[in-house]
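Structure first, commentary second.
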Amino acid sequence: MGRRSRARLADGDETSVEVEVVESPNEQRRRFFRRKRVPFRDRERLGHEAPGSILKGPPVTITCECGNKAEVSYGSSWKCDRCGRRYDTAKIPRDQYDKVRNLTLRYRAIPVALGAVSIALAIFFTLTGNVFSVFILLPSVLLVWFMIIRPVHRRSFQKAIADLPTWDLRADGE
């Protein structure tokens with residue numbers, strides 16, 4: 001938005017002219033650094049997971065009889081916004097839920113371990129002066145992960161998930 005001013009032409013007619021006010025780069029930088037900081041706990045999460053869901057276990061997806069869906073952590077209850085039915089995930093047997101939790105943790109460990117080993121090797125090559133080896137290591141690790149290990153990892157994870165139990169929760173009071 002610019003400032004509006006009146007300009008007089010040579011013959012005395014007035015016209016309105018739009019003047020664009022442009023901030024200097026220094027002013028933009030000052031405004032950027034003076035902006036209000038958001039606390040870390042209030043920042044937008046980029047992933048699709050709730051905080052703590054990795055160690056606590058995956059969320060339980062509840063589908064209400066009216067068709068409304070929600071993801072709820074284990075042990076908590078959920079009330080449907082549409083129809084008012086209440087579902088309690090504490091009714092799920094703890095040992096069955098622990099099987100699901102342990103399975104997801106076990107299958108998350110393989111990519112983390114591969115990443116840790118590749119980072120350790122990159123640091124080792126850098127400290128020994130073989131920086132060129134890092135440029136060969138990282139693309140080759142990514143290629144092996146995406147072309148060989150990941151497809152096999154996904155198939156075995158899907159087979160393992162298929163063997164896990166599913167639960168038919170009923171609304172409280174039914």
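The values are calculated or read from the model by the stated rules, or taken from the named source; none is laboratory data. None of the values given here were measured: they were computed from a predicted structure. Counting neighbours? That spans all protein chains shown, and the Cβs are built from the backbone with ideal geometry, glycine included.
Results for (1) at pLDDT 65 or above; (2) part of a helix (DSSP H, G or I); (3) more than 26 Å from GLY84 (Cα to Cα), shown as yes or no for each residue.
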| position | (1), (2), (3) |
| --- | --- |
| VAL17 | no, no, yes |
| ASN26 | yes, yes, yes |
| ARG31 | yes, yes, yes |
| ARG35 | yes, no, yes |
| GLU65 | yes, no, no |
| GLU71 | yes, no, no |
Looking at the structure I just gave you, is ARG85 among the basic types (Lys, Arg), outside the structural domain of VAL72 (by TED's automatic domain parsing) and surrounded by 13 or more Cβ atoms within 10 Å (Cβ to Cβ)? no
Cross-chain or 6+ apart pairs with Cβ under 6 Å, segment 101-125 first and more than 21 Å from ALA162 (Cβ to Cβ), then among the hydroxyl-bearing types (Ser, Thr, Tyr): PHE125/SER133
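Residue-by-condition table, conditions (1) of a type in the set (S, T, N, Q); (2) touching a Lys or Arg at 6+ places or on another chain (Cβ under 6 Å); (3) surrounded by 11 or more Cβ atoms within 10 Å (Cβ to Cβ); (4) modelled with pLDDT of 90 or more:
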| residue | (1), (2), (3), (4) |
| --- | --- |
| VAL112 | no, no, no, yes |
| SER118 | yes, no, yes, yes |
| ALA122 | no, no, yes, yes |
| PHE135 | no, no, yes, yes |
| PRO139 | no, no, no, yes |
| LEU142 | no, no, yes, yes |
| TRP145 | no, no, yes, yes |
